[in-house]
Amino acid sequence: MKAHESQPLLPIARGEGVWLVGTDGRRYLDAISSWWVNLFGHGHPHIKAALVDQLDRLEHVMLAGCTHAPVVELSERLAALTGLGHAFYASDGASATEIALKMSAHYWRNVGRPEKSRFIGLEHGYHGETVGALSVTDIPLFRTAYGPLVRVSATVPSPDARAAAPGTTALEHARRCAQALQAHLDEHHAHTAAFVIEPLVQCAAGMAMHDPEYLRLARALCDRYEVHLVADEIAVGFGRTGSLFAHQQAQIRPDFICLSKGLTGGFLALSAVLTTDAVFDAFYDDDTARGFLHSHSYTGNPLACRAALATLELFEQTDVLAHNRATAARLSALAEPLTHHPRVRHARQMGMIWAFDIDSERSDFARRYHAAALEQGLMLRPIGRTLYFMPPYVIDDAASRWLVDGALAALAATD
Ligand SMILES: *Cc1c(COP(=O)(O)O)cnc(C)c1O
C-alpha cells in the first residue's frame, strides 16, 4: 500500500476483449491476461451467457452428498482431455497444490508406506502461497517471512534453458538436470511422495522455459523410484504453451494435474486436481479415515463449473490452438524490434508467452516499467527484470501492434 503513495491504484470500470477501461475512460491492453487467468478476453459473450443461464437454475449446492450436472459434465470432459478420471475441486491454485500434496502423501499412507511423505520441487518453482504450497514454492521473497511455519521441500536444479552452459543446448541442459533429479531420488525415494513441477514454463520464476525432454525423463524416474509426478498446469494449461496442456508436449501422463487460472476463462475462482484410478482406489474404503478428507464449502460450485464448461466449449467450437499458432507467428514478427533490442537478452517464446530479460541497473525496474507501460495504455508487470507478454488469445493485429509499440516506448522511458 505504501508504494501506492507514488503510484496510484488503477480504478477499472469495465472490460471488453483484450481491453480494460478505467473509470476515467482510458483504455489499457491487458497484456498479461489479468495475471494469466483470462483466455478469451474480458466479458466473452459465450461464457457470460452460460453463467446467466446457470444463475437462473442453481447458484450453489454443497457437493457433500449432492451432485449436479455442471460438475459431472466438467469432470467427464476433463477426464476425456487428460486421461485422469477423478477430479477434486477447490477454488484457487494454492489449494489445488495443497490437495495434490495431501492426496499423494495420504495415498502412500493408505498403501502401507507412510514414510513416503516428503516432496521435491524445482529450483525457483512456484505453486502458490498457502503454508503447504509454500513448502514447494522456492521463491525466497514469498517464503522467507514464513520460514518457521513451512516444512521446506527438497529442490532440484531447474532445467531453465537460460542456465545451459556455454556451447550446450537446452536439450543437453535438460538431460543434465534430470541426472541431478535421479541422484536425489536415488538417495531419498524411500521418503519421497511426489515430485511437483510446472511443465515447460516456470512462469513466476520469470518465464523460465525448458525442453520437454526433462518431463519425459522425470516421468521415467518417478516410475522407477515409485514417486508421484504432479504437473502444476495452473498457469500453463488450456493452450498457453501451444498444446492444450503443457505436459502433452512430452507425451507423458502425470499422476496428478493441478488446474486453475484459465480453467474458467478468467471469470470465476475454481481449481481442480485430477488423478488416476490407482490413487482413487487407495482411498475407496468403508473406513472414513482412509478417505480423502479435505472439506471445502464451495467445492464444485455450479456457476464456476458452468464457466469452465463454456471455456472448454470455446476450445471445441474453434481450433483455438491453430488460431493461436497464427496469432503467435504474427505477434512474434511484430516483436522483432524487441527481440533484437540492444537491452534485451534471452528473448524467448512458447505458445502464447513471450519473455525478454532486460538490461537494467535498477532494482526497481519492474515497478517503473509497469508505470511507464500504463502511460502507453498497456497493462504489463515485469517479474524482476523479465518483461513478458501473456495476452488473451483474442488479441488481433491492431492490438498486437499497440502492445509492441507501447512496450518499446515504455522501455525507452525506463532505464
Ligand atoms: C498462480 C499459480 C498458482 C497459485 O494459484 P492461486 O490461485 O493464485 O493460488 C500455483 N501454481 C502456479 C504454477 C501458478 O502460476
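The values are calculated or read from the model by the stated rules, or taken from the named source; none is laboratory data. Model, not experiment: these values are computed from the prediction. Here the Cβ is made from the backbone with ideal geometry for all residues, glycine too, and neighbour counts use every protein chain on show. Accessible surface areas use protein heavy atoms only, side chains included; no ligands, DNA or RNA. Shrake-Rupley method; radii C 1.70, N 1.55, O 1.52, S 1.80 Å.
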Residues located in segment 124-139, provided they are touching a Leu at 6+ places or on another chain (Cβ under 9 Å) and assigned to a loop (DSSP other than H, G, I, E, B): HIS127, GLY128, SER135, VAL136, ASP138
Hits in segment 246-279 - residues which are assigned to a helix (DSSP H, G or I), open to solvent by less than 10 Å² (accessible area, probe 1.4 Å) and small (Gly, Ala, Ser): ALA246, ALA250, GLY262
Filter result for HIS173 (at pLDDT 95 or above, open to solvent by 10 Å² or more (accessible area, probe 1.4 Å) and not hydroxyl-bearing (Ser, Thr, Tyr)): yes
Output for Cβ contacts, cut-off 7 Å, separation at least six or different chains, first residue within 16 Å of LEU78 (Cβ to Cβ) and at pLDDT 95 or above in segment 310-328, second basic (Lys, Arg) and not in a loop (DSSP other than H, G, I, E, B), reads LEU312/ARG77
Those residues of segment 1-47 which are of a type in the set (S, T, N, Q), farther than 17 Å from GLN376 by Cβ and either part of a loop (DSSP other than H, G, I, E, B) or over 21 Å from the mean Cα position of the chain (by Cα) (or both) amount to SER6, THR23, ASN38
Scanning segment 262-291 residue by residue, the ones that are more than 29 Å from VAL52 (Cα to Cα) and within 16 Å of the ligand (Cβ to nearest atom) total 0
Does segment 238-261 contain any residue that is without any contact (Cβ under 8 Å) to a residue 60 or more places away in the chain, within 12 Å of the ligand (Cβ to nearest atom) and not small (Gly, Ala, Ser)? no
Only residues that are of a type in the set (A, V, I, L, M), within 16 Å of the ligand (Cβ to nearest atom), part of a strand (DSSP E or B) and farther than 13 Å from GLN249 by Cα: list them for segment 186-208, please. ALA194, VAL196, ILE197, ALA208
Residue within segment 349-367 that is open to solvent by 30 Å² or more (accessible area, probe 1.4 Å), part of a helix (DSSP H, G or I) and more than 26 Å from HIS124 (Cα to Cα) present: no
The one condition in (1) of a type in the set (Ser, Thr, Tyr); (2) open to solvent by less than 50 Å² (accessible area, probe 1.4 Å); (3) out of contact with any Ser or Thr (no Cβ under 6 Å at 6 or more places or on another chain) that SER153 fails to fulfil: (3)
Which residue is farthest from ALA308 (Cα to Cα), if the candidates are limited to segment 89-127 and must be open to solvent by 10 Å² or more (accessible area, probe 1.4 Å) and within 11 Å of the ligand (Cβ to nearest atom)? TYR126
Let me spell it out: the conditions are (1) in contact (Cβ under 8 Å) with a residue 12 or more places away in the chain; (2) open to solvent by 10 Å² or more (accessible area, probe 1.4 Å); (3) in a loop (DSSP other than H, G, I, E, B), and PRO391 meets all of them except one. Which number is the exception? (2)
Only listed residue being modelled with pLDDT of 95 or more and either open to solvent by 30 Å² or more (accessible area, probe 1.4 Å) or under 15 Å from LEU268 (Cβ atoms) (or both), chosen from VAL18, VAL37: VAL37
Taking segment 81-117 on its own, how many of its residues are touching a Lys or Arg at 6+ places or on another chain (Cβ under 6 Å) and in a helix (DSSP H, G or I)? 2
For the condition hydrophobic (A, V, I, L, M, F, W, C), part of a loop (DSSP other than H, G, I, E, B) and away from the ligand (no atom under 16 Å from the Cβ), what is the one hit in LEU51, LEU58, LEU78? LEU58
